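Single-structure report; data block below.
Derivation of every value follows stated rules applied to the coordinates shown; laboratory data play no part. Here the structure is a predicted model, which means the values were calculated and not measured. Reconstructed Cβ throughout: ideal geometry from the backbone, glycine too, with neighbour counts over all protein chains shown.
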Amino acid sequence: MKSLIDYIKEAEEKKVAIGHFNISDLTGLKAIFAASQEASLALSGREAAKNLQLPIIIGVSEGEREFIGARQAAALVKSLREEFNYPIFLNADHTHSLEKIKEAVEAGFDAVIFDGSKLIFGENVRKTKEAIDYVKDVNPNILVEGEVGYIGSGSTLLRKIPEGAVFQIEDLTRPDEAERFVIETGVDLFSPAVGNIHGMLANAPNPKLNIGRIKEIKEAVKIPLVLHGGSGITDEDFRAAIDAGISIIHINTEIRLAWRKGLEQGLKSNPEEITPYKLLQAPIQSVKEVVKARLALFNKML
């Protein structure tokens, strides 16, 4: 099987994006993996290709890792990859300390994100470089992502734009600072602030992405770009962002919302049922539908 960076470079060449989907429990993982298999079959049939597999990245934030267990998450993803010979990878999403980076590396993650986006630029560079030096010394094959530009935190339904999040043109990540950050840190992947925010606005559309800025940053840094805060972004913006240079897209809030709605429907439809795995079939189906739709869009099947 190819490495994660090979799949990312392939996505760059094809002008498609790899879906990065967060989980909080086994329900989410089962749904996402099933969706990726079904989407792969659909794409294989469309392109008359055999065994075409769409790579996916499973993300777990610090909070999600604390709930699931870092080693347990790594074991689950590794077991799926080995049993089905499927390109499913695990990422330590939004990690804010070297201690938590070490925990993910020791657990066997394929990629880690050091999130210093709230720090001043120089401090962000220093701490990101510290994380990279550690990771690459332990295992040079683990990918490290860095971020410049704060887009809020928490995959939740929002009543307003997160305080401090940047989406005005003068506040977005600049190409020159992105280039400097990448050169000084040596990150494998880069995440900019280009109008994206974490979470979904409950009563209004999310801000539009600045596609021109994505193009400028891509030209400046030359490495794969990651779009965080994908939930709530329009299909039109997704397509344009991928064409502009985005190679990985994060989806979490949409998954959480689908899980919640599915569970509520399952409980409503089966008021007497008390068996967890039976009740959880509804949220599995809800999450699967969201993920399949996103994979189809990211891989230009729609």
Skipping prolines and chain starts, which residues have an amide H placed within reach, meaning under 5 Å, of the one on His94, given they are 5 or more residues away or on another chain?
Ile113
Only counting other Cβ atoms within 10 Å, I'd like Tyr7, Tyr277, Tyr86 sorted with the fewest neighbours first.
Tyr277, Tyr86, Tyr7
Rg(Cα) / (2.2 N^0.38 Å) computed for the chain, rounded to two decimals
0.96
Protection proxy (average C-beta count within 10 Å per residue), highest first, orders 293-299, 10-16 as 293-299, 10-16
Multiply the residue separation of Leu98 and Glu82 by 0.36 nm, subtract the distance between their alpha-carbon atoms, and state the gained length in nm to one decimal.
2.9 nm
Proxy reagent accessibility, fewest Cβ within 10 Å first, across Glu289, Glu64:
Glu289, Glu64
Please rank His20, His96, fewest neighbouring Cβ atoms within 10 Å first, as an exposure proxy.
His96, His20
Simple SL model, points at 7 angstrom along Cα→Cβ for Thr275 and Glu38; separation in nm is 2.1
Tell me, what is the percent relative contact order of the chain, built from C-alpha pairs under 8 Å that lie six or more residues apart?
20
